[in-house]
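First up is the structure itself, then whatever we jot down about it.
The values are calculated or read from the model by the stated rules, or taken from the named source; none is laboratory data. A quick note: this is a predicted structure, and the numbers were derived from the prediction, not measured. Every residue, glycine among them, receives a Cβ derived from its backbone with ideal geometry; neighbour counts consider all protein chains shown. Accessible surface is based on the protein model in full, side chains and every heavy atom, while ligands, DNA and RNA are left aside. Shrake-Rupley method; radii C 1.70, N 1.55, O 1.52, S 1.80 Å.
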Amino acid sequence: MKVFKRIVDFYIQSSIHVALSVFALVRMTDHIFHIPNDKPVAFFAFFGTIVGYNFVKYDSLVRAKKIQLRSSLWAIILVSIFSFFAVGLYFFQLQRITQIIAVVFLALTLLYTLPFFPNRKNARNWAGVKIYIVALCWVGVTLVLPILDAEISITSDFYLKCVQRFILVFVLILIFEIIDLANDDPHLKTVPQQIGVRQTKILGLLLLIPFYFLELLKIEFDQKQLIVNLILVTVLSLFIVFVNEKRSKYYTSFWVESVPIFWWLLLLFF
């Protein structure tokens with residue numbers, strides 16, 4: 001049992017799980033916009049997420065705090081190095097415009113992590129900004145990049161999906177922020193810190209309403225997608241209702257981050 005727990009912990013801590021969620025959302029985009037072969041973008045997003053998330057999580061520990069590297073952290077570094085080379089491989093398989101936009105989102109990630117301005121904290125510590133930067137990056141990587149790379153014409157469906165995807169990621173982050181409420185710096189001004197846990201839950205539940213009904217405004221209306229989204233909204237609502245500061249770290253780092261994977265698998269099933 002201990003061995004299994006260590007494997008799961010490494011799977012989560014090395015950002016493979018969250019990368020699989022990003023991969024799932026790219027594949028969702030492929031299905032929605034009928035993109036037949038989008039593996040370079042999907043794998044670029046997968047490996048890029050591992051590199052980006054591990055850099056964000058462990059940069060301050062390794063560079064600033066100078067902690068002693070344990071064997072598990074060395075393993076995560078090796079996974080990150082392998083992923084870095086894989087990112088490079090798939091990057092050169094992308095269209096030029098996709099490469100340019102990918103670099104823009106890379107710059108956002110670096111801004112989120114590194115203090116570029118003298119006597120300033122990184123964007124991760126800017127009051128109230130974190131949730132928007134993360135949601136924007138997820139929309140960009142999982143929706144904008146696949147559309148650009150496939151050279152699909154931009155229609156109103158694209159903008160609707162951008163808003164819908166932003167809402168989804170925003171709601172997922174709200175659940176994380178409730179869990180992290182006890183440990184977050186008060187100066188971060190996260191949503192639960194500003195309006196309280198109960199109001200944050202209500203906000204999350206209310207946001208699921210436009211998330212669901214935006215599907216009805218699409219030019220290419222898909223009845224099966226409505227069924228899939230209804231199941232997703234139900235599951236997300238339960239996660240929101242039952243979240244609190246005392247929940248285990250696995251509540252968010254595994255189960256909540258599994259929501260995009262669950263969404264994709266539902267779509268495949270239907």
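Using the Karplus relation 6.51 cos²θ - 1.76 cosθ + 1.60 with θ = phi - 60°, the per-residue 3J(HN,Hα) values for segment 83-99 come to 5, 4, 5, 5, 4, x, 4, 6, 4, 7, 9, 8, 5, 4, 5, 5, 4 Hz, with x marking Gly and Pro. In terms of distances greater than 22 angstrom between alpha carbons, the cross-link table entries 57/130; 2/57; 5/249; 130/249; 224/249; 39/130 yield 2/57; 224/249; 39/130. Under the rule that an exposed site lies in a DSSP loop and has at most 10 other Cβ atoms within 10 Å, name the longest stretch of the chain with no GluC sites (Glu not before Pro) of that kind, not counting the sites themselves. Result, exposed sites excluded: 1-150.
Determine the relative contact order of segment 128-270: mean sequence separation of Cα pairs under 8 Å and six or more apart, normalised by residue count, in whole percent. Once normalised by length, the contact order is 29 percent.
Carbon-plus-sulfur accessible fraction, the chain (probe radius 1.4 Å, protein heavy atoms only): 69%. Under a model in which nothing but the beta-carbon of Lys, Arg (+1) and Asp, Glu (-1) is charged, the chain shows a dipole of about 1020 debye around its Cα centre.
Ordering 7, 33, 212 by the projection of their Cα atoms onto the charge dipole of the chain, which places +1 on the Cβ of Lys and Arg and -1 on the Cβ of Asp and Glu, puts 7 at the extreme positive end.
For the chain, modelled as a GNM whose springs connect Cα atoms under 10 angstrom apart, the maximal fluctuation among 204, 140, 196 occurs at 196.
When the Gaussian network model of the chain links Cα atoms closer than 10 Å, the mean-square fluctuations of 249, 130, 161 top out at 249. In the chain, taking the dipole from charged Cβ atoms about the Cα centre, the farthest positive-side position among 92, 253, 167 is held by 253. Along segment 140-145 the Karplus relation, 6.51 cos²θ - 1.76 cosθ + 1.60 evaluated at θ = phi - 60°, assigns HN-Hα couplings of x, 6, 8, 10, 5, 4 Hz to successive residues, with x for each Gly and Pro. Seen from residue 225, the other residues with C-beta closer than 12 Å to its C-beta sum to a net charge of -1, counting Lys and Arg as +1 and Asp and Glu as -1. Build a GNM of the chain with springs between Cα atoms under 10 Å apart, and of 248, 21, 80 the one that fluctuates most is 248.
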